[in-house]
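Engineer: My structure is below; once you've seen it, I'll send some questions.
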Amino acid sequence: MKNVALLISGGGSNMVALARDMTGDHPGRPKLVLSNVPQAGGLLKASALRIPTAVVDHRDHVGRLSFEDAINAELTAAKIDVICLAGFMRILTSEFTHRWQGRMLNIHPSLLPKYKGLHTHARALEAGDTEHGASVHLVTGDLDDGPVLGQARLSVRADDSAASLAERLLPLEHRLYPAVLRRFLTDDPTPVLIDARD
Ligand code: GAR
């Protein structure tokens, strides 16, 4: 059984989807929800699910290395094997990504390699894309890079806004990320592909 940490910065809906899936024959268990934002809504949701929580506020640290040392201390104390970044909105140093290389996943709301970084929905609309989606990938030293383990895709509709795209994509993320984590923890290299195009 693998001990999984879920790192969040906000509402934590992906965290909830992952945590809820980790029961029964699932090879992982949610052992820690860690947020860099003290008021992140996901912390209350984690407590309701009886998952231990921790806050490491980046504003309490001078420099990323001190911030990440504090995160690593929490991860070590909880005996974490695998990290799922689930709406964690801080850029991690290469020291941290190297330390967790091969053991850290991220969900990103675009069809990678398209639209690394922020404002992915608006950028897909601006580009006139007919399809959009989300990707789960292994985290490497480069932002929103690393091998893609699964993708969910949907059609962009004529009347879509960035907000409507985000709203329609989120439930697909909640299917995608747990499916990828299950395969990842059982060493199943088959990519997860969810096609929700119209
Ligand atoms: C999700 O849409 C996730 O893909 C995105 O943040 C949202 C978090 O929602 N992640 C990123 O943008 C990472 N760069 P949640 O807190 O409800 O899971």
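The values are calculated or read from the model by the stated rules, or taken from the named source; none is laboratory data. Fair warning: this is a prediction, and the values are worked out from it, not measured in the lab. FYI the Cβ positions are ideal-geometry reconstructions off the backbone, even for glycines, and counts take in every protein chain you see. When the accessible area is computed, the model is the full protein with side chains, heavy atoms only, and any ligands, DNA or RNA have been set aside. Shrake-Rupley method; radii C 1.70, N 1.55, O 1.52, S 1.80 Å.
Engineer: Along the positive direction of the dipole of the chain (beta-carbon charges: Lys, Arg +1; Asp, Glu -1; about the Cα centre), which of Val82, Gly141, Leu176 reaches farthest?
Structural biologist: Comparing the listed Cα positions along the dipole, Val82 ranks first.
Engineer: Pop out the carbon and sulfur fraction of the accessible area of the chain as a percent, whole number, probe 1.4 Å.
Structural biologist: Of the solvent-accessible surface of the chain, carbon and sulfur hold 53 percent.
Engineer: Can I ask one more? Under the Kirkwood approximation applied to all pairs of distinct alpha-carbon atoms, what is the hydrodynamic radius of region 92-198 in Å?
Structural biologist: By the Kirkwood definition, the hydrodynamic radius is 14.2 Å.
Engineer: Helix 64-77: angle to the longest alpha-carbon principal axis of the chain, degrees 0 to 90, nearest 10?
Structural biologist: Computed tilt is about 70 degrees.
Engineer: Please arrange Leu143, Leu170, Leu7 by accessible surface area, largest first, computed with a 1.4 Å probe and ligands excluded.
Structural biologist: Accessible-area ranking of Leu143, Leu170, Leu7, largest first: Leu143, Leu170, Leu7.
Engineer: Leaving out ligands, DNA and RNA but keeping every protein chain, what accessible area does Val136 have, in Å² rounded to the nearest 10, with a 1.4 Å probe?
Structural biologist: About 0 Å², rounded to the nearest 10.
Engineer: Another question, if that's okay. For region 1-67, what does the relative contact order come out to in percent, with C-alpha contacts under 8 Å and a separation of six or more?
Structural biologist: 32
Engineer: Related question: So if we plug the beta-carbon distance of His119 and Leu44 into 1/(1 + (r/R0)^6) with R0 = 22 Å, what FRET efficiency do we get, rounded to 0.05?
Structural biologist: 0.20
Engineer: Here's something else I'd like to know. Taking 10 °C and 1.306 mPa s as the conditions, I'd like the Stokes-Einstein D for the chain in µm²/s, using the Kirkwood hydrodynamic radius from alpha carbon pairs.
Structural biologist: D = 93 µm²/s.
Engineer: What does the accessible area per residue of the chain come to in Å², with a 1.4 Å probe and no ligands, DNA or RNA counted?
Structural biologist: 48
Engineer: Between Ala48, Ala70, Ala17, which gets the highest mean-square fluctuation from a Gaussian network model of the chain, Cα cutoff 10 Å?
Structural biologist: Ala48
Engineer: Compute a Gaussian network model of the chain, connecting alpha carbons closer than 10 Å, and tell me which residue from Asp145, Asp81, Asp60 fluctuates the most.
Structural biologist: Checking each option, the largest mean-square fluctuation is seen for Asp60.
Engineer: What is the Rg over Rh value, at two decimals, for region 1-73, using alpha-carbon atoms and the Kirkwood definition of Rh?
Structural biologist: 1.01
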